[in-house]
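The values are calculated or read from the model by the stated rules, or taken from the named source; none is laboratory data. Quick caveat: nothing in here was measured; it's all calculated off a predicted structure. Heads up, the Cβs are rebuilt from the backbone with ideal geometry, glycines too, and the neighbour counts pull from every protein chain shown. What goes into the accessible areas is simple: the full protein's heavy atoms, side chains included, and nothing from ligands, DNA or RNA. Shrake-Rupley method; radii C 1.70, N 1.55, O 1.52, S 1.80 Å.
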Amino acid sequence: MKLKIALFCALTATFATSALAQKAAEAPGGKYAKDAEQMFRASFRADNPKYWMTRLEQDETMKTCLQYRDNPPRKIGEKLEKLNAATIRYPVDGKLIGDWKEGEKLAAVGTGGHIGFIQPDPAGPRAWR
Amino acid sequence: MADELAKYREALADGNPADLLEVKGESLWAEKRGPKNASLEQCDMGLGPGKLEGAYASLPKYFKDTNKVMDVESRLVHCMMTLQGFTQEEVTKNWYSKPGKESDIEALVTFIGAKSNGMKINVPATHPEEAKMAKMGEYIFYRRSGPQDFSCSICHGQEGKRIRLQDLGNLTTKEGAGFAMKTWPSYRVSQGAVWTMQRRLIDCMRQARWPEPNYLADSIIALETYLQKNATGTVMETPGIKR
């Protein structure tokens with residue numbers, strides 16, 4: 001009995017310290033997180049098209065990952081995994097392998113969704129920098 | 001493959017094309033120019049007017065006269081406006097070079113950077129405004145968004161990652177940040193040009209598939225403050241040479 005209580009206490013103590021340790025790793029930005037978000041958003045060129053600017057929006061998953069520096073506690077991580085798995089849509093026609101020639105064309109362009117004014121991506125495999 | 005790159009660097013170490021730009025920057029620094037026909041020799045890069053030894057290594061820094069944390073580029077632009085009388089538009093029109101179009105800023109930053117060669121990066125961010133900038137930089141570093149859920153930390157937050165042949169250091173550690181930051185500005189062989197840190201980070205935002213930030217934007221200066229703080233204590237080896 002005594003041993004059980006002692007064990008229980010030791011365990012809760014471990015939990016408590018690990019929870020504390022998690023708290024101690026403060027979310028990035030600390031008390032300036034809100035200011036930082038505002039400043040970040042205000043830092044972009046005014047002539048960026050509106051639909052480019054939508055790429056700065058964050059969903060719940062992105063916000064949570066930021067909060068925990070990409071390492072959320074397992075419980076929260078599982079929740080996010082489920083949430084995102086639920087958004088996967090299989091092709092309606094049931095064919096899981098598409099036209100590889102179309103895929104090859106996309107790969108060769110190499111733009112991979114880059115946007116910006118400075119340096120429009122040249123086509124070809126060296127488009128990344 | 002990293003070895004191949006090391007050999008390549010070694011071969012180029014005696015003749016970094018950035019050295020030419022450094023010489024050009026030196027003469028631009030001393031040349032009387034602009035509506036006020038003045039040189040930049042009285043420019044205060046943080047250690048006092050005209051004191052350049054170690055200045056780059058201690059930037060970004062809080063400046064009383066502008067009440068702002070400034071990096072080497074924003075401070076240089078400030079000096080060109082206040083001392084030489086140029087407009088911001090004139091100064092920043094060619095903030096980076098294009099084929100056939102050289103950039104005074106690239107040359108001047110290469111020159112100023114070289115004056116910190118062999119010195120330790122020293123951005124403890126102890127002034128409250130600097131501490132705030134470093135924290136805001138940290139926030140941006142971990143902030144994920146865009147079509148591929150990217151943040152700086154996704155590409156630069158772990159050990160031993162690479163994109164194709166490029167090793168991506170862990171910029172959240174002193175070793176990783178130091179290894180990266182000590183070599184800037186850097187001649188980029190693939191681009192045939194010297195890139196400043198602003199250029200590097202604006203291009204990394206492009207790689208994150210985000211819209212394009214303003215040149216000299218606070219978000220870039222915040223990231224620089226965060227990275228230089230992480231790198232503090234590392235000896236500068238600049239101008240660098242990179243892929």
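Some points to look at:
- Couplings 3J(HN,Hα) of region B:71-84, computed from phi: 9, 4, 6, 5, 5, 4, 4, 4, 5, 5, 6, 6, 7, 9 Hz, in residue order, whole Hz [Karplus 6.51 cos²θ - 1.76 cosθ + 1.60, θ = phi - 60°; x for Gly and Pro].
- Each Lys or Arg adds one and each Asp or Glu takes one away; over the other residues whose Cβ falls under 13 Å from the Cβ of B:Y56, this sums to 0.
- The distance linking region A:52-101 with region B:92-128 is 39 Å (Cα centroid to Cα centroid, whole angstrom).
- Close amide H partners of B:T183, meaning residues 5 or more places away or on another chain with modelled amide H under 5 Å apart, are B:E237.
- For B:R188, the residues whose amide H sits under 5 Å from its own are B:A193, B:V194, B:W195, B:K242, ignoring neighbours fewer than 5 places away on the same chain, with H placed 1.01 Å from N.
- Alpha-carbon gyration tensor eigenvalues x 5, square-rooted, for region B:152-243, Å: 18, 16, 15
- Derived scalar couplings between HN and Hα for region B:228-236 equal 5, 5, 4, 8, 3, x, 7, 7, 5 Hz in order, rounded to whole Hz, by the Karplus curve 6.51 cos²θ - 1.76 cosθ + 1.60 (θ = phi - 60°), x for Gly and Pro.
- Considering only beta bridges that DSSP places wholly inside the protein assembly as shown, some 85 percent are antiparallel.
- Among B:I140, B:I163, B:I154, residue whose mean-square fluctuation peaks in a GNM of chain B (springs only between Cα atoms under 10 Å): B:I163
- Only protein heavy atoms count here; under a 1.4 Å probe, A:F117 has an accessible surface of about 70 Å².
- Take the Cα of B:L47, step 7 Å toward its Cβ, do the same at A:K82, and the gap between the two points is 5.8 nm.
- Rg over Rh for chain B works out to 0.95, using Cα positions for both radii and the Kirkwood form for Rh.
- Listed as lacking a disulfide-compatible partner in chain B: B:C152, B:C155, B:C204, by the criterion of no other cysteine Cβ under 4.7 Å.
- Peptides ranked, highest mean first, by Cβ atoms within 10 Å: ranges B:199-207, B:186-194, B:33-41: B:199-207, B:186-194, B:33-41
- Accessible surface, 1.4 Å probe, highest first, among residues B:K68, A:K63, A:K75: A:K75, B:K68, A:K63
- Residue-wise HN-Hα coupling along region B:105-119, computed from phi with Karplus coefficients 6.51, -1.76, 1.60 (Hz; x: Gly, Pro): 4, 4, 5, 5, 5, 4, 5, 5, x, 4, 5, 10, 4, x, 9
- Rolling a 1.4 angstrom probe over the protein heavy atoms with all chains in place gives the protein assembly as shown an accessible area of 54 Å² per residue.
- Inter-chain Cβ neighbour average for residues B:152-159, partner chain, 10 Å: 1
- B:D44 long-range amide H proximity, modeled H, under 5 Å: B:G50
- For the protein assembly as shown, the Stokes-Einstein estimate of translational diffusion at 10 °C and a viscosity of 1.306 mPa s comes to 70 µm²/s, using the Kirkwood hydrodynamic radius over alpha-carbon pairs.
- DSSP beta bridges in region B:2-242 [antiparallel fraction, %, rounded to 5]: 80 percent
- Springs between Cα atoms under 10 Å define the GNM used for chain B, and in it the highest mean-square fluctuation of B:K174, B:K182, B:K61 occurs at B:K174.
- Total accessible area lost when B and A pair, probe 1.4 Å, Å² to nearest 100: 3900 Å²
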